[in-house]
Structures are given as structure tokens and as C-alpha cells.
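Here the structure comes first, spelled out in C-alpha cells, and everything after it is commentary.
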Amino acid sequence: MYAQMVKSTGQGVKPREEMSPQERAFQDRIDADQKIEPKDWMPDAYRKTLIRQIGQHAHSEIVGQLPEGNWITRAPTLERKAILLAKVQDEAGHGLYLYCAAETLGVSRDELTQDLLSGRMKYSSIFNYPTLTWADMGAVGWLVDGAAIMNQVPLQRTSYGPYSRAMIRICKEESFHQRQGYDIMMKMANGSDAQKKMAQDALNRFWYPSLMMFGPSDKESVHSAQSMAWKIKINTNDELRQKFVDQTVPQAELLGLSIPDPDLRWNEERGHYDFSEPDWTEFFDVLRGAGPCNTDRMAARRNAWDDGAWFRDGLMAHAEKKRARAAAAKTAAE
Ligand code: FAQ
């Protein structure tokens, strides 16, 4: 059953008059801001959408360790190294919270991992870009974690209880991640000419990929309407992208760095910045596996899975031994 559920949905919103009484009662609970819990009845498509989104989110946290993991051995000071190590470990923890939340929907972590490795499930496009210099650690923390928080703060109010509670814990840590990234950028932007140039270059390379993290434009977003009706998503992709730009431009100004967008300007009438859209062809290329690092990222995850086989086998053998011993003790006692 799970295998059939993973296939992408892209449904429209079912009109109320076409809903079954059970579906109507479910929608009423959502509309009343009640949380849905694992044992509650839910429409199959709601379960399927959650597995897709939470699973992708979990994979993103795990694959997201790779670009920063690349710099742990090369951090410029012991303090920076300890901070980066802690941050990368936090991302592993976020992945675990999210896999656990997905498991409450009836899918195992092994199944989700197999779907990532076979390409049936996605992870965030952003992690298919390389981290070339130390300034990229600043840009990732500032922009990538900044975009992640912008998306995740509203998800604390998502309708599915276990996902919402995971997001509350995750958001606390993401705020620290963003601050540490901005701190690196401040040091670099106020450093030597070469360091400032490196910081500007990191911003140039990470700006548009960060904007892509929010997903395609609203008119291209296949899941938004239904996910918002179910309060799985609270905002549209474009709303969050705009909020991110509005928040980030003054931060770049404070750093003395320029956003790489000649059309970026404050629009007094709208009360928002106007900005250029990312290159959506590049975005969809990355999604279908043709980004700069897709092959490397998937190879790293496949190796990790294969290298961990002996450990998983050991755990299973130990559990089986314990089970057999308990069964034998029970028989002896009877
Ligand atoms: N990358 O209809 P929509 C982090 C796919 S965590 C790849 O708009 P939806 C922490 C989408 O899945 C970052 N695929 O979809 C960290 C769908 O394809 P499908 C991850 C994308 O779900 C920091 C298709 O395009 N955060 O960074 C992307 O309503 C630093 C159509 O799109 C989350 O996952 C993309 N950027 O909205 C870790 C947050 N965008 O599945 C380490 C939770 C769209 O039909 C270091 N997720 N797609 O085959 C969400 O909020 C939503 O899923 C969106 C997409 C907003 C990402």
C-alpha cells in the first residue's frame, strides 16, 4: 500500500458538497484548528501528502549535512570547527525527529530511505550546489537556514500534531544556525578585501538557489491549494519567498554586500521589495537530477546506507536473539 502512496499527487481541492460525511467532519476539525493525531481517521490523500512532505523534509536535513560536512576539517579556528560540528549534528537530529513523525503515518524509515536512494523521493534543491569556500558556510547559515526558518516557523502550526511538534523543536535550533551563519558573514564582510570578495561571491552563488527553496511559483505549485486547505502548508510559496527577500535585503545592506539582482528595488506602493524570479529552468533541471552536485550527494547517501548494512544487521540479530531468549524463558515458565 505504501508503494502506491508515494507517487506524486497534485490534486485539486475537493468541493465540500462532494465530500463524504467523514471527510466533511475531518475538514471541520482542520477549520477549527484542531490537531490531527496518528490514530485519528484521515483521508488517504492527506496521509500521502504528509508522507511526501515530511519525508522530503527529513531527507533534506540528512542530505543537507553534506555541503557543510565538507568544511568541518577545514574550519579556520577550533571554535568555528566546534560550532560547525554541532550545527551539522543538529541537522542529523532534525532528520530523526522528522523520520519519527513520518513513521506515525505508517511508513518506516527504511522505506523512506529506499525511496530517496531509488530517486522516488526528493530532497531540497539547495543541497545540490557546491560549497566552494569558507564564506559559503556563512552564506548557508545566513541564507539557507534563513529560508528554512521562514518556511518552518509557520509549519509549527501545521495541522498534523507530530509534524507540528517536531517543527517547534527544530525551529529553536535553526535560529541559532542562522545567527552563526550571519556571524561568519559579518567577520568576512568586515575582514580583508579578499575576505569581503569571498563573502560577496558566496552571496552571489547562493542567492537564487535560496529563493528556489520555497518551491515553484504559486501558479506552478501543484500541491499548494490542497495542502493549504488541509493546513499542512500555512502560506503559499510566493508569500514566503517575498517575506524572505524583505527580511534579507536589509541584512545584506548591514553587511555592505550587494544582492546580485539589478532589478531589486523597494516598491513603496506594495510595501515590499520587487525582485527577479530565479531561473525556473535551472530549478526543474536540479529537481530531475541534473544539478551540479546531485550525483555526488546521492552517491554519498548510497555509500552511507551500504556502509551501515553490517550495523543494521547486527541490531536485527541482537533483537532476534533477545526475542528468542524471551520466548524460551516464557515457555520454560509455563
Ligand atoms: N527542492 O507543489 P509544490 C533545510 C517539488 S530544510 C526540491 O509547490 P509543495 C534545513 C515538490 O516536492 C529544507 N523539490 O510542492 C537545513 C513537488 O514535487 P513532488 C527543506 C521541490 O510540497 C539547512 C513539486 O516540486 N524544507 O534546509 C522544491 O506544496 C541547512 C511541486 O512543488 C522543507 O522540506 C525544492 N526546493 O511545496 C539543513 C520544508 N520545491 O513531491 C541543512 C517542508 C518544490 O510532487 C543545512 N516542505 N519541490 O514530486 C515544504 O514546505 C514544501 O514541501 C515546499 C514545496 C515549500 C518545499
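Each value in this text was obtained by applying a stated rule to the coordinates, not by laboratory testing. Keep in mind it's a predicted model, so treat the numbers as computed, not measured. Here Cβ is always computed from backbone atoms with ideal geometry, including for glycine, and neighbour counts include all displayed protein chains.
List of remarks:
- Taken about its Cα centre, the chain carries a charge dipole of about 1240 debye when Lys and Arg each add +1 at the Cβ and Asp and Glu each add -1 at the Cβ.
- Percentage relative contact order, region 121-274, counting C-alpha pairs under 8 Å, at least six apart: 27
- Distance between region 200-240 and region 254-325 - C-alpha centres, whole angstrom: 14
- Sites residue 175 and residue 303 - FRET efficiency at Förster radius 41 Å, r taken between beta-carbons, to 0.05: 0.80
- Added length on full extension, which subtracts the Cα-Cα distance from 0.36 nm per residue, residue 274 to residue 168: 35.1 nm
- Inter-label distance, nm, simple model (7 Å from Cα along the C-beta direction), residue 195/residue 117: 4.3
- Beyond 28 Å, the tail of the calculated P(r) for region 70-225 holds 26 percent of the Cα pairs.
- Taking each residue as 0.36 nm, the span from residue 29 to residue 220 lengthens on full extension beyond its C-alpha to C-alpha distance by 65.9 nm.
- Point-to-point label distance, residue 326-residue 16, nm (Cα→Cβ direction, 7 Å offset): 4.9
- Spatial extent of region 1-118: Rg and Dmax, with the Cα atoms as the point set, Å: 18.9, 63
- Couplings for region 87-104, taken from phi via the Karplus curve 6.51 cos²θ - 1.76 cosθ + 1.60 with θ = phi - 60°, read 5, 5, 5, 4, 4, 4, x, 4, x, 5, 4, 6, 4, 5, 4, 5, 4, 5 Hz in order; Gly and Pro are left as x.
- The Kirkwood radius of region 193-334, taken over pairs of alpha-carbon atoms, gives through the Stokes-Einstein law at 37 °C and 0.692 mPa s a diffusion coefficient of 164 µm² s⁻¹.
- Segment residue 266-residue 85, extension gain: residue separation times 0.36 nm, minus the distance between their alpha carbons: 61.4 nm
- Taking only the alpha carbons of the chain, we obtain Rg and Dmax values of 22.0, 81 Å in that order.
- The chain, relative contact order [Cα under 8 Å, separation at least 6], %: 19
- Subset of 172/231; 87/122; 48/81; 87/321 violating a 29 Å alpha-carbon distance limit: 48/81; 87/321
- Dipole of the chain, positive end: most advanced residue of 255, 273, 295 [Cβ charges, Cα centre]: 295
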